[in-house]
Amino acid sequence: MNDTGHLQGASPLWHPFADMGAVARDKLVLERADGIWAWDAEGRRYLDATASLWYANLGHARDEIAAAIADQLGALDAYSIFGDYANQPALELAERLAALAPSPGMKVFLGSGGGDMVDTAVKVVRAHFAQTGQPQRTHLISRTHGYHGTHGLGTSVGGIPANTGGWGPLVTDVSVVPHDDAAALEREIERVGTERVAAFFCEPVIGAGGVRHAPAGYIEAVAEICKRHGVLFVADCVISGFGRLGTWWGIDRWPVQPDLITVAKGLTNGVLPVGALLVAEHVAAPFFPDAAGAPVLRHGPTYAGHPVCCAAALAALDVYERDDVIRRGRDLEDALAAVLRPLAEHPLVGEVRAGLGLMAAIELSEDVLRAAPDAPARWVAAGREAGVLVRPLAGAIALSPPLVIEEDEIALLGTRLANSLELL
Ligand code: PLP
């Protein structure tokens, strides 16, 4: 309580994933962003080393996206695609995503973001098995450190205990296996009973759970295990898609064909909230018969296929293609790793995880974290002083700069991070 008898905090805005006591004392109010740069209310300029929440892959303030939004607002500003309604941007977006997909014939369900799509994926998976004579296949398996959003089902399949705990019972037909051990997945499928397991959720590179790479061969192995046991392989590409790993989907860096793919974030460059779930033909088939009378998937967020949001996504896809941006996530991965790896020598740093795509994490040393568990948050504050925006993870900070960053700017990022360590 403050001295007026009300709860702390001058602003009623409740920030996600935030210590509101700390936010009440200090917050960064951003006013403007352009390219890889963002400015606060006092006019201070920061290098946006995380592309906001891993999503401004094309850099901020893309005129092409703003113009497409304005044009669409002047045509059809809002209309749902529930039932048999459609609009041109939604139809075109589905066509383009399906054409880019790693396997032919995938169907596209649209929504408002990543969590929306993860929850949709769970329901599609279970509905598929209910329609194909295996209604007992309800069990879901995910990975330690996995992050699949904060909706109900996505929270349930999460592998970060700090996020899954504290809510009372979630979906309990879920188990979590070590993120780096494919054999553990197979053991778990056999323990639960092959005939009961519906799907396995897998980020190509674990993102919010600490930027953790799977060991060589892991992705191919889990895809093969899923196929052999009739378990659907859900690739959660919400972070890794749209060039973050240097390919369209992220999962397509490996020679696997997921049954379902979730994407969001970079799909619109983060400008408007859109998620997409791609569903393999064999999974969607019961819902797409030749004649009317199909089972209805009784699921759909209000803003699914919103024409203005889809127009923003189409404009972003145009820029990714026109400027050949997707490959930059791979072309620049060594440059980013080369700048970050020397920081591992710093006495406060425990580990640098980099080298796959334009995403990385720098973990503080165990000693530092034991002495000051809030050190990642303090490092974020020190970064701001040094002119670079980074995000805290458990024990670490995350880096995922816009893909349009240039090599000299990556070097500047390294310098500012090194400076911020001195301020810690
Ligand atoms: N899945 C993954 C892998 C994510 O990283 C995220 C968000 O960071 C989500 C799902 C949830 O997406 P959203 O925050 O748009 O609901």
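The values are calculated or read from the model by the stated rules, or taken from the named source; none is laboratory data. In this text the structure is predicted, and so the values were computed from the model without any measurement. Virtual Cβ from ideal backbone geometry, glycine too; neighbours counted across all protein chains shown.
Scanning the range 338-374 for residues that are touching a strand residue (DSSP E or B) at 6+ places or on another chain (Cβ under 7 Å) and either of a type in the set (Asp, Glu) or under 27 Å from residue 214 (Cβ atoms) (or both) yields a count of 20. For the range 123-166, residues that are within 14 Å of the ligand (Cβ to nearest atom) and on the phi > 0 side of the Ramachandran plot total 2. Put simply, of 295, 342, 347 the only residue that is of a type outside the set (Gly, Ala, Ser), farther than 22 Å from residue 125 by Cα and in a loop (DSSP other than H, G, I, E, B) is 347. Taking every residue in the range 140-168 that is under 18 Å from residue 181 (Cα atoms) and pairing it with any residue that is assigned to a helix (DSSP H, G or I), at least 6 positions away or on another chain, the pairs with Cβ-Cβ distances below 6 Å are 141/188; 158/164. Restricting attention to the range 198-242, the residues being among the charged types (D, E, K, R), over 20 Å from residue 333 (Cα atoms) and more than 10 Å from the ligand (Cβ to nearest atom) number 4. Applying the set (1) crowded, with 24+ Cβ neighbours inside 10 Å; (2) away from the ligand (no atom under 16 Å from the Cβ); (3) not aromatic (Phe, Trp, Tyr) to residue 261 leaves exactly one unmet item: (2). Pairing residues of the range 192-210 that are assigned by TED's automatic domain parsing to the domain that holds residue 138 with residues that are outside any loop (DSSP other than H, G, I, E, B) and of a type in the set (Ser, Thr, Tyr), at Cβ distances under 8 Å and at least 6 apart in sequence or on separate chains, gives 192/175; 200/142; 201/142; 202/142. Counting the residues of the range 128-174 that are among the small types (Gly, Ala, Ser), surrounded by fewer than 17 Cβ atoms within 10 Å (Cβ to Cβ) and more than 20 Å from residue 299 (Cβ to Cβ) gives 5. Residue count for the range 118-147 satisfying the condition of being within 14 Å of the chain's Cα centre (by Cα) and more than 24 Å from residue 282 (Cα to Cα): 3.
Scanning the range 88-107 for residues that are under 20 Å from residue 282 (Cα atoms) and either within 16 Å of the ligand (Cβ to nearest atom) or surrounded by fewer than 21 Cβ atoms within 10 Å (Cβ to Cβ) (or both) yields a total of 10.
Look at (1) over 27 Å from residue 293 (Cβ atoms); (2) polar (S, T, N, Q); (3) within 16 Å of the ligand (Cβ to nearest atom) and you find that residue 120 fails only one, number (1). If you go through the range 31-43 and keep only what is loosely packed, with under 15 Cβ neighbours inside 10 Å and hydrophobic (A, V, I, L, M, F, W, C), you end up with 39, 41. Residue count for the range 380-391, restricted to those that are touching a strand residue (DSSP E or B) at 6+ places or on another chain (Cβ under 7 Å) and part of a helix (DSSP H, G or I): 3.
Restricting to the range 370-379, and then to whatever is among the aliphatic types (A, V, I, L, M) and either under 23 Å from residue 147 (Cβ atoms) or not in a helix (DSSP H, G or I) (or both), can you tell me which residue is farthest from the chain's Cα centre (by Cα)?
372
All of 390, 368, 352 fail the test of being under 18 Å from residue 53 (Cβ atoms) and assigned by TED's automatic domain parsing to the domain that holds residue 40, apart from 390.
Residues that are farther than 19 Å from residue 34 by Cα and either in a helix (DSSP H, G or I) or under 18 Å from the mean Cα position of the chain (by Cα) (or both) within the range 392-408 comprise 392, 393, 394, 396, 397, 398, listed in sequence order. Just one of (1) within 16 Å of the ligand (Cβ to nearest atom); (2) surrounded by 20 or more Cβ atoms within 10 Å (Cβ to Cβ); (3) assigned to a loop (DSSP other than H, G, I, E, B) fails for residue 278. It is (3).
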